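**Q** The structure under discussion is supplied below as structure tokens; questions concerning it will follow.
Bear in mind that the values in this text are calculations on the coordinates, not laboratory data. Being a predicted model, the structure only gives us computed values, none of them experimental. In this analysis, Cβ positions are derived from the backbone assuming ideal geometry, glycine residues included, and neighbour counts consider all displayed protein chains.
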Amino acid sequence: MNRDAWRCQHVRYDTGELCGEPARHCDHIVPASEGGSDAPANLRALCDWHVLRKDAADAGRARRRATAERWQPARNRRTHPGEVR
């Protein structure tokens, strides 16, 4: 947080500039669930609004990943004797 001067480091897509609002959250750029580390290069300060958007996007990706894994065909599944091949 000190490195980022307690200012939001989200880059605006429309202008390419930093948000710059006061930051209260330390965010993982690449979430730990997706292989991100706790290294300083993977951390940034975010304001309340941007951390809520980022968390919602991360949760959506996790839901889609879980759904996709659930619907994968079972490998090496034994077929029931009555199933037609």
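**Q** Going by amide H atoms built from the backbone, whose H comes under 5 Å of the H on L43, apart from near neighbours?
**A** Hits under the 5 Å cutoff: I29.
**Q** If you place +1 on the Cβ of every Lys and Arg and -1 on the Cβ of every Asp and Glu, how big does the dipole about the Cα centre of region 1-71 come out, in debye to the nearest 20?
**A** Working: 12 positive and 11 negative charges, 48 e Å.
With Lys and Arg at +1 and Asp and Glu at -1, about 220 debye.
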